[in-house]
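Read through the structure below, which is laid out as structure tokens, and then see the notes.
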Amino acid sequence: MENTNIAVVTGANKGIGYAIVEQLLLHPTKYSVFLTSRDTQRGEEAMANLLKKYPEFKNRLHYHQLDVSSSKSIDNFVQWLEDNQKTVSLLVNNAGIFYQREIRPNNGNFEFVDFLPPEDTKRIIQTNVRGLIELTEKLLPYLADDGKIINISSLAGELWWQGEAVQNWLSDSRLTRQGFFDLLDTFEQAAYKQQHPALGYFGSIYFTSKAFVNAYTRFILPRLLKKNQTGFAVHPGWIQTDLGGKEAPGKIDDSYVSTLAIVNLSLEDSLKLSGRYFDEFGKLKDF
């Protein structure tokens with residue numbers, strides 16, 4: 001495998017991640033794509049299915065176990081990059097968790113239904129926010145000089161879901177990395193006690209986790225990147241997957257539009273738009 005144009009996609013054994021892997025294989029850039037997943041068996045089965053469909057990509061599709069909620073798993077993957085002297089051109093942070101019992105659709109909108117127990121709350125925050133950040137920051141030394149990071153977010157993370165105080169905290173350009181984690185710690189501790197709405201957060205842990213992803217992408221990540229490296233948050237659409245549910249209006253072929261729009265940006269445009277949030281059509285949007 002050549003050490004050029006390596007793309008890594010997390011949570012890619014099914015759904016949106018799987019679709020993104022397929023599109024990157026078909027992309028004219030000819031990425032060498034790492035399909036990663038928490039469960040090795042499911043990941044290898046996903047890889048086998050893709051190779052059955054596209055046998056011509058057998059030298060460009062690779063598998064590596066990667067559980068973003070596990071520091072040990074992240075370290076193992078990063079060590080593999082180190083040992084094999086690999087440089088990553090594109091990181092797509094797709095892995096995420098959502099419990100549908102939190103909310104329900106209501107006239108094209110969502111309403112909060114039920115609080116989660118502490119163990120489920122912890123799992124969402126660890127996977128969707130802390131793990132995403134840990135993987136991103138540990139991978140930065142192996143990111144190409146013009147590498148891109150795409151964080152799969154959601155319309156659920158848009159700030160209008162949150163109370164005014166939280167909107168102010170999470171849209172403050174002066175937000176520091178330590179301040180970010182202080183806010184996350186406070187939210188998490190309140191959420192364990194189901195007291196986070198009193199602090200101005202929407203009831204859904206998933207919704208707030210994506211608001212933190214957007215804030216990290218906008219204010220923290222750009223300060224960690226080199227001159228020509230860029231990072232983005234994208235909403236893939238509300239898609240009919242195991243996570244999105246059967247009520248979702250979007251099909252899987254809609255799910256990679258926003259990601260590919262970022263992949264296809266020129267370096268000049270990438271630098272202008274780095275740190276921003278994009279909707280399901282690949283259009284710039286305020287979060």
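Residue separation of residue 62 and residue 167 scaled by 0.36 nm, minus their Cα-Cα distance, works out to 33.7 nm of gained length. Packing, as the average of other Cβ atoms within 10 Å across residues, places the peptides 214-227, 172-185 in the order 214-227, 172-185, highest first. Summary of packing: across the peptides 128-139, 158-169, the per-residue average of other C-beta atoms within 10 Å ranks them, highest first, as 128-139, 158-169. Relative contact order for the range 16-87: 28 percent, from Cα pairs under 8 Å spaced at least 6 residues apart, divided by residue count.
Heavy-atom surface analysis with a 1.4 Å probe gives the range 96-156 a carbon and sulfur content of 48 percent of its accessible area.
Rolling a 1.4 Å probe over the heavy atoms of the protein chains gives the range 1-140 an accessible area of 46 Å² per residue. Couplings 3J(HN,Hα) of the range 117-126, computed from phi: x, x, 5, 6, 4, 4, 5, 5, 5, 5 Hz, in residue order, whole Hz [Karplus 6.51 cos²θ - 1.76 cosθ + 1.60, θ = phi - 60°; x for Gly and Pro]. Here residue 119 sits with roughly 120 square angstrom of accessible surface, probe radius 1.4 Å.
In this structure, the residue pairs whose Cα-Cα separation is over 25 Å, taken from 72/283; 138/210; 14/58, are 72/283. The phi torsions of the range 179-192, fed into the Karplus equation with coefficients 6.51, -1.76 and 1.60 and a -60° offset, translate into couplings of x, 4, 5, 4, 5, 5, 4, 5, 4, 4, 5, 5, 5, 4 Hz, rounded to whole numbers, with Gly and Pro shown as x. Using a simple spin-label model with pseudo-atoms 7 Å out from Cα toward Cβ, residue 113 and residue 273 lie 3.5 nm apart. Evaluating 6.51 cos²θ - 1.76 cosθ + 1.60 at θ = phi - 60° for every residue in the range 209-216, the Karplus couplings come out as 4, 6, 5, 5, 4, 4, 5, 4 Hz, glycine and proline recorded as x.
The values are calculated or read from the model by the stated rules, or taken from the named source; none is laboratory data. In this text the structure is predicted, and so the values were computed from the model without any measurement. When we count neighbours, we look across all protein chains shown, and the Cβ atoms used for this are built from the backbone with ideal geometry, even at glycine. Surface areas here come from the heavy atoms of the whole protein model, side chains and all, with no ligands, DNA or RNA. Shrake-Rupley method; radii C 1.70, N 1.55, O 1.52, S 1.80 Å.
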